[in-house]
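Enquirer: Got a structure here, written out as structure tokens. Questions coming.
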Number of protein chains: 2
Amino acid sequence: MSKLLLQNALIIPLDDDSEDYYRGDILIRGGVIERIIPRPLAGGAEDVKNIIDCTNMAVMPGFVNTHGHASMSLMRGYADDMPLQSWLEDKIWPLEEYLQSDDIYWGAQLSIAEMIKGGTTTFTDMYFEMDRVAEAAAESGIRAVLARGLIGLDSGGEEALKDTARFIDDWHGEAGGRINISLGPHAPYTCPPEFLKKVIALAEKSGRLVQIHLSETAFEVQECLKQYGVRPPQLLNEAGLLELPVIAAHCVHLDPDDISILAEKRVGVAHNPGSNLKLGSGVAPLCSMLEAGIKVGLGTDGPASNNNLDMVEEMRLASLLAKGIAQDPTLVPAKKALQLATRGGAEALGLTGIGQLREGYRADLIGFKLDVPHLIPLHDPLAHLAYAASAADVDLVIVDGAILLEKGKLVRVDEDKIRAEATRCAFTLIERSKK
Amino acid sequence: MSKLLLQNALIIPLDDDSEDYYRGDILIRGGVIERIIPRPLAGGAEDVKNIIDCTNMAVMPGFVNTHGHASMSLMRGYADDMPLQSWLEDKIWPLEEYLQSDDIYWGAQLSIAEMIKGGTTTFTDMYFEMDRVAEAAAESGIRAVLARGLIGLDSGGEEALKDTARFIDDWHGEAGGRINISLGPHAPYTCPPEFLKKVIALAEKSGRLVQIHLSETAFEVQECLKQYGVRPPQLLNEAGLLELPVIAAHCVHLDPDDISILAEKRVGVAHNPGSNLKLGSGVAPLCSMLEAGIKVGLGTDGPASNNNLDMVEEMRLASLLAKGIAQDPTLVPAKKALQLATRGGAEALGLTGIGQLREGYRADLIGFKLDVPHLIPLHDPLAHLAYAASAADVDLVIVDGAILLEKGKLVRVDEDKIRAEATRCAFTLIERSKK
């Protein structure tokens, strides 16, 4: 198996045992972190031919993006600053009707290119025509947790469930295990309890994770109370869904009982601070969720609502919002913010073997270049990454031992082509929708 | 006078008369925007020798950073996630005691390098040993509004006021008018009314702007009420300070009466959303200030508390926080966010002839490269800059007609040297403080 040595890196392991940061070498073999050798002990791996000098780099686990809709990059900036319902009904849904298979593919490739460039090594996705997203993920080298979105309001739901079973068979574990398939019931308000029972049956049979939107807006919580007399987490709980591994996206409008349910049922949460602000949904109670022991990861949501896929931004927002809203600067300190963006996401998604730099873990790691004005002087690399760095500082990205970004350039895909094809798809989509 | 042509740019003028964006050429002569020629009319300036192809660039007015302490870059990441008082008393002030003149200079150079790279063409500063900051600003080519910080609690206040008068004489209008000197009474709680009277006298005599911290924390508002029986804006008003041109930084804890006073007295406000969150100060009532007609600009605050000087981040935060806190996605739309970060700041600082792309205005402008994944497809360049772009996308910076950044590289200063000297200063400062 091929070996790769990251030499003299400033290592930020984000594990429980090591120092917060130290100098060392990382030996990667196949897709695995074989050894981490702190300096001055490092040395002895000089026989490795493929060496990357990381002297000016902080190396940490790659970001785990726990929620998104990658192909919606084609609609980035198409409609902004609008109320949620008219944004969806007047702008997004009418365009989505005209999406074709190639649009899904190139939209996903565009988002994956952006995510890799910004240090995301695992992304989560819920959309449709998901085979094309899986194809893009497999080709690009990124790790993915994918779900076909399920709407249970009409007869299409049954068909989509069947297609999900087929999608799992076709794709789960592909690309050397990089492709993970999950189930994607869209939300409590689009998947009534009787439909959720069918989702649960397939989830139990397949053993796969369930991803769902939950309590994103105050409006949907009110509607749920009106229709069912309970709040959305309780509705899901009564339907039996929370007995399964579930990651719930947004969770902005939670009361203390909701939080207790999510904690007790070990539900993972995808916290999307940027999207929640931009769509006017609100600010999720991150600290209350963490205090209750909920497994929280961070997500960007789709690029039509965020409008980028920048996990550094989300990490910073998660920390700054927690501090600012509670008027307590000690909340969500730098290391916690970094953990949320990496291992927190892995744990929320139920993925093992990623999210920390540890021997035996998958080699999903990223390097931030440190020789930029805004990261000088280097008093505390963790504070720098949490509070000062930019996604553009990501210089090196490795997933499953394979280099995807080197010196800031995508080395496995053709970025120029992706930008050109995504642009073409976006504008022909709009033309098509106007006919 | 030398001419420079920006050819085929996607122009975002942020003025009141033009389209939000259009293709065109910008002819710069000396330090001034001489002509803006929309396409397809453009052409006829082919005799200009110095031409920059801006086909893949959005060109807009440079950012105006309305509040900061540039030399504190030496303490970036030195202490984070701490309560404000112990951060100041246990960490920052003890270090500041040991700052030497060269530290001020190299700390300022580091911050200016970062700001220029991120598209800031004017910055505002309040600190001490300000001649060295002025020197750094003059050399680097950036536009600056500088104030020696004034504390009126002891006999040092008088001396500092005298030094301010000398600083104005020495520096105001230097570097072809790029250096503007203002007065810097630190805050109502460090400058009692009797001292403010002396500040007012010098401000009236010199005709210069006054910058001051105002109502940053809930604590200082409570203390002001205890000590004086009025809230800080009223205290300043009763002292007569608000009859002068004033820019007040932070303004987080304002009640409706405070807002009325600031509006009526035409006080400019420097809104620092990132610093206010990170220090746990809170969220300023941006929309209420705007509705009242207050001139609001954006600021980064110092790099020890933010921890970068990224105006793109501040612009995005200003918009997203307004939307998210009020749960209204229509608030502070993209164009408004861009205006706050540019002409809003110029107006809050009382600077004329910058902040918009207009014929006859100073040539302070920046170009964002558009051929990056996160700005594809180009449905709406204003939304892209407000919601998706990164400071790292800034490729071209021109101040007063001079190119300071080209193809993302600083062309007037030696970035490597600045990073090395700032690092050296920061670590010798810490050594010195430990002796």
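Throughout, read-outs are computed from the coordinates displayed, never taken from laboratory work. Note that this is a predicted model, so its numbers are computed, not measured. As a convention, Cβ positions derive from the backbone with ideal geometry for all residues, glycine included, and neighbour counts pool all protein chains shown.
Enquirer: Between B:Ala138 and B:Phe219, what is the spin-label point distance in nm, taking each point 7 Å from the Cα along the Cα→C-beta axis?
Expert: 3.9 nm
Enquirer: Near the axis that takes chain A to chain B, which A residue has its beta carbon closest, and at how many Å?
Expert: So the chain A residue sitting closest to the axis is A:Ala392, 2.
Enquirer: When the gyration tensor of segment A:238-334 is built from Cα positions, what are the square roots of 5 times its three eigenvalues, in whole Å, from largest to smallest?
Expert: Over the Cα atoms of segment A:238-334, the semi-axes work out to 22, 17, 11 Å.
Enquirer: Just want the ordering: B:Val210, A:Val397, from fewest to most Cβ atoms lying within 10 Å of their own Cβ.
Expert: B:Val210, A:Val397
Enquirer: May I ask you to list the GluC sites (Glu not before Pro) in segment A:93-144 that are in a DSSP loop and have at most 11 other Cβ atoms within 10 Å of their Cβ?
Expert: On the way: sites: A:Glu96, A:Glu97, A:Glu114, A:Glu129, A:Glu135, A:Glu139; in loops: A:Glu97, A:Glu129.
Loop-located and lightly packed - A:Glu97.
Enquirer: Another question, then. How much net charge surrounds A:Ala348 when only the other residues with a Cβ under 14 Å from the Cβ of A:Ala348 are counted, with Lys and Arg +1 and Asp and Glu -1?
Expert: +2
Enquirer: So which of A:Lys265/A:Lys295; B:Lys198/B:Lys265; A:Lys335/B:Lys434; A:Lys407/B:Lys417; B:Lys369/B:Lys417 end up more than 18 Å apart, counting from Cα to Cα?
Expert: Among A:Lys265/A:Lys295; B:Lys198/B:Lys265; A:Lys335/B:Lys434; A:Lys407/B:Lys417; B:Lys369/B:Lys417, the Cα-Cα distance tops 18 Å for B:Lys198/B:Lys265; A:Lys335/B:Lys434; A:Lys407/B:Lys417; B:Lys369/B:Lys417.
Enquirer: Still on this structure, please answer the following. What ranking do A:Arg35, A:Arg266 get, fewest neighbouring Cβ atoms within 10 angstrom at the top?
Expert: The most exposed by this proxy come first: A:Arg266, A:Arg35.
Enquirer: Would you mind pulling out the separation of the Cα centroids of segment B:319-351 and segment A:231-249, in Å?
Expert: Segment B:319-351 and segment A:231-249 have Cα centres spaced 39 Å from each other.
Enquirer: Only residues of segment B:132-161 count here: report those whose backbone N is under 18 Å from the spot 7 Å along Cα→Cβ of B:Gln100, or say none.
Expert: Within reach of a label on B:Gln100: B:132-133.
Enquirer: Can you give the % of DSSP beta bridges in the protein assembly as shown that are antiparallel, to the nearest 5?
Expert: On the way: 56 of 125 bridges.
Bridges in the protein assembly as shown that DSSP calls antiparallel: roughly 45 percent.
Enquirer: Share of antiparallel DSSP beta bridges in chain A, in percent to the nearest 5?
Expert: Around 45 percent of the beta bridges assigned by DSSP in chain A are antiparallel ones.
Enquirer: Apply the Debye scattering formula to the protein assembly as shown, with a single equal point scatterer on each alpha-carbon and no solvent, then give log10 I(q)/I(0) at q = 0.05, 0.06, 0.09, 0.11 Å⁻¹.
Expert: The Debye formula, applied to the Cα set alone, gives -0.27, -0.39, -0.89, -1.30.
Enquirer: Additional query: May I ask you to list the lysines whose Cα is less than 25 Å away from that of A:Lys435, ignoring any residue fewer than eight positions away on the same chain?
Expert: Within the straight-line limit of under 25 Å, A:Lys435 reaches these lysines: A:Lys91.
Enquirer: Next question. Show which aspartates and glutamates lie in cross-link reach of A:Lys205 when reach means a straight Cα distance below 14 angstrom and same-chain residues fewer than eight apart are skipped.
Expert: The reachable aspartates and glutamates, counting only those whose Cα sits under 14 Å from A:Lys205, are A:Asp169, A:Glu243.
Enquirer: What list do you get for A:Ser281, B:Ser155 if you sort them by fewest beta carbons within 10 Å?
Expert: Result, fewest neighbours first: B:Ser155, A:Ser281.
Enquirer: What is the antiparallel percent of DSSP beta bridges lying wholly in segment B:1-67, to the nearest 5?
Expert: 70 percent
Enquirer: Using only the Cα atoms of segment B:1-143, what semi-axes does the equivalent ellipsoid have when each is the square root of 5 times a gyration tensor eigenvalue? Give whole Å, largest first.
Expert: Its equivalent ellipsoid spans semi-axes of 41, 17, 11 Å.
Enquirer: Let me ask something additional. Just to confirm the filter: which GluC sites (Glu not before Pro) across segment B:354-435 are DSSP coil and have at most 15 other Cβ within 10 angstrom of their Cβ?
Expert: Numbers: sites: B:Glu359, B:Glu406, B:Glu415, B:Glu421, B:Glu431; in loops: B:Glu359.
Sites meeting the loop and neighbour criteria: B:Glu359.
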